[in-house]
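Worksheet: one structure, shown below.
Bear in mind these aren't lab numbers, they're just calculated from the coordinates by the rules spelled out. Please read these numbers as outputs of a predicted model, since none were measured by experiment. Cβ placement follows ideal geometry from the backbone for every residue including glycine, while neighbour counts extend to all protein chains displayed.
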Amino acid sequence: MKSVAEENFPAEKMENAYVFVDESDVHHKGLFAKKDIPKGTQMVEYIGPLVPKKEGNRLSKDGNVYVFSLDRKYDIDGSVPWNLARYANHSCRPNTESVGRDNQIWLEAMRDIKEGEEITYDYCYGVSEYKDNPCECGHENCFGYIVSQKHIHKVKKNESDENTG
Ligand SMILES: [Zn+2]
């Protein structure tokens, strides 16, 4: 039988049916495919306590890099040990995307993924503090910073403004 404490506090998770944690070339640890995974597969849910935006912002400022924006009102504090998805690294050429659905965030395969491949997605960080977040994904087209693909053109524009101004 499980103790009350165990029930209230789920165990640390290091794998599920699709992915497992291992050493990564990108950043310390990463998530890897356990088997060939078809495009569109929901591989792992990004879980953690829901916190109001204000609390989420405070946690982020304090250095919690696992705060994930769920919607306009709530963030997910994904720093908890049972959030397997927190091990997935950012890449400038990701094979996975984070998809919001019915108040859940899932990491979903953007294309067919081969067994053993590292699972990476776009962290969708904003532009404001991009210089604090260098990217080490190692891709030949690495942008150099962890910035949402959507915002890269803005950063490029800022940089060229800085250089000419
Ligand atoms: Zn990169």
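Just a few scattered comments:
- Unique match (being among the polar types (S, T, N, Q), crowded, with 18+ Cβ neighbours inside 10 Å and closer than 18 Å to His151 by Cα) among Ser91, Ser69, Ser128: Ser91
- Selected residue [farther than 19 Å from Lys29 by Cβ and either hydroxyl-bearing (Ser, Thr, Tyr) or within 16 Å of the ligand (Cβ to nearest atom) (or both)] from Lys73, Lys131: Lys131
- Tally, over segment 123-151, of residues that are out of contact with any Pro (no Cβ under 7 Å at 6 or more places or on another chain) and either of a type in the set (Asp, Glu) or outside any loop (DSSP other than H, G, I, E, B) (or both): 10
- All positions within segment 134-165 that are of a type in the set (Val, Ile, Thr) and within 16 Å of the ligand (Cβ to nearest atom): Ile146, Val147, Ile152, Val155
- Single unsatisfied condition, Val21 versus (1) more than 13 Å from Ala88 (Cβ to Cβ); (2) of a type outside the set (Gly, Ala, Ser); (3) outside any loop (DSSP other than H, G, I, E, B): (1)
- Of all the residues in segment 81-90, those that are away from the ligand (no atom under 16 Å from the Cβ), in contact (Cβ under 8 Å) with a residue 60 or more places away in the chain and touching a Gly at 6+ places or on another chain (Cβ under 7 Å) number 2.
- Scanning segment 91-112 for residues that are away from the ligand (no atom under 16 Å from the Cβ) and either more than 15 Å from the chain's Cα centre (by Cα) or among the charged types (D, E, K, R) (or both), we see that the one that is farthest from Gly30 (Cα to Cα) is Asp102.
- The set of residues in segment 107-148 being of a type outside the set (S, T, N, Q), in contact (Cβ under 8 Å) with a residue 60 or more places away in the chain and touching a Ser or Thr at 6+ places or on another chain (Cβ under 7 Å) consists of Leu107, Glu108, Ala109, Met110, Glu118, Ile119, Cys137.
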